[in-house]
1. Antiparallel as a % of all DSSP beta bridges within segment 5-174, to the nearest 5?
2. For the chain, what does the helix formula give at 222 nm: sum of -39500 (n - 2.57) over DSSP H segments with n ≥ 4, over the residue count, nearest 500 deg cm²/dmol?
3. With every protein chain present, what is the per residue accessible area of the chain (1.4 Å probe, Å²)?
4. Could you pull the accessible area for ASP35 with a 1.4 Å probe, rounded to 10 Å²?
5. Can you give me the % of accessible surface on segment 151-302 that is carbon or sulfur? Probe 1.4 Å, all protein chains present, nothing else counted.
6. Using Cα centres only, tell me the gap between segment 216-278 and segment 1-64 in whole Å.
7. Please give the residues of segment 141-179, grouped as numeric ranges, whose backbone N is less than 20 Å from a label point set 7 Å along the Cα-to-Cβ vector of LYS88.
8. Could you give each residue of segment 137-148 its phi-based ³J(HN,Hα) in whole Hz, using Karplus coefficients 6.51, -1.76, 1.60 with θ = phi - 60°, and x for Gly or Pro?
Amino acid sequence: MTIETVAIIGLGLLGGSVGLATMEHAPGIATRGYDRDPQVREKAAARGIVGEVCDTIDAAVNDADLVILCVPVGAMEAAASELAPHLKQGAIVSDVGSSKESVGKALSRTLPGHTVIPAHPVAGTEQSGPEAGFASLFTNRWCILTPPEDADEEAVKTLSEYWTKLGAKIEIMDAKHHDVVLAVTSHIPHLIAYTIVGTASDLEEVTRSEVIKYSAGGFRDFTRIAASDPVMWRDVFLNNKEAVLEVLGRFSEDLSSLQRAIRSGDGDKLHDLFSRTRRIRREVIEQGQDDERPDFGRKDHN
Ligand code: NAP
């Protein structure tokens, strides 16, 4: 199986980055893109984030060997049914959605008889839209593929090779397992950031302007995460409901236990936990998943 043309549906942060990364790292593959928003299409064309921006989904997908859905998780099914009648025989359909079980089911239901291999590049920023994408977003980041049990092995191999060319490291995982892992590493941290920033701005005894004026490092880092796209994250929580609620239950218990430790003056408990979490931060850096520099070395992309 060879990919000569890739169609990217949804030209925001992820779609733009897939387009730019393909053009830079796999220049032999033609890139076509479509977004339902005409203004996004206009900006995408002006920035040149894909080789050709198409005005219809039909024109984008009709001779594509690989179609990648880069729309919010809640929009995957609608986008898939719109493109279904125009798919080339034998094309691989994939996506970049942040939750996998419900998306995999929705795509398989909407595209019977087609090769569906869901995927999730674990790479992103708090930015969105056609101005936000960049070619190196996937460099050294994991891309998790969650093929259905009866998936065509050749198609899984072709998709893995494609993401490897874009700079990603590949992991194959069961969709349900993916959703629990990502609930822990991404979805709950986002929920905590949304909560703490919301709570701080609601507190009656300090005004919102004081929260912003005196925002210390910890709060500032949370505001970065809490600035992430509202539509994307609403859909993630609605679609990864089971795993998020399960992990949230455990998190609430741990939080209550810390509350007890503070109330009872149990400094050892606090110190033990903070030492363990500091070691985890070191491991994250050692494994190349983050950067020790101020602003995590991300300044260039903002
Ligand atoms: P984004 O910047 O908001 O881009 C999504 C684009 O898709 C928007 O322009 C949107 O248009 C368009 N769209 C929505 N429904 C569509 C449809 N039916 N047909 C065609 N275009 C449609 O979002 P993003 O951050 O790139 O996220 C895209 C996907 O990547 C999501 O599934 C998300 O879970 C996943 N992801 C995101 C990150 C991250 O950090 N952002 C990381 C990994 C994976 P409208 O504005 O008109 O709706």
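The values are calculated or read from the model by the stated rules, or taken from the named source; none is laboratory data. Treat the numbers as computed from the prediction; the structure is a model and nothing was measured. Glycine also receives a Cβ, built like all others from the backbone with ideal geometry; neighbour counts cover every protein chain displayed. All accessible areas refer to the heavy atoms of the entire protein, side chains included, with ligands and DNA or RNA removed. Shrake-Rupley method; radii C 1.70, N 1.55, O 1.52, S 1.80 Å.
1. 10
2. -15500 deg cm²/dmol
3. 54
4. Approximately 20 Å² for this residue.
5. Taking all protein chains in place, segment 151-302 shows 55 percent carbon and sulfur surface.
6. 37
7. 152-166
8. 4, 9, 4, 6, 9, 6, 10, 9, 9, 10, x, x
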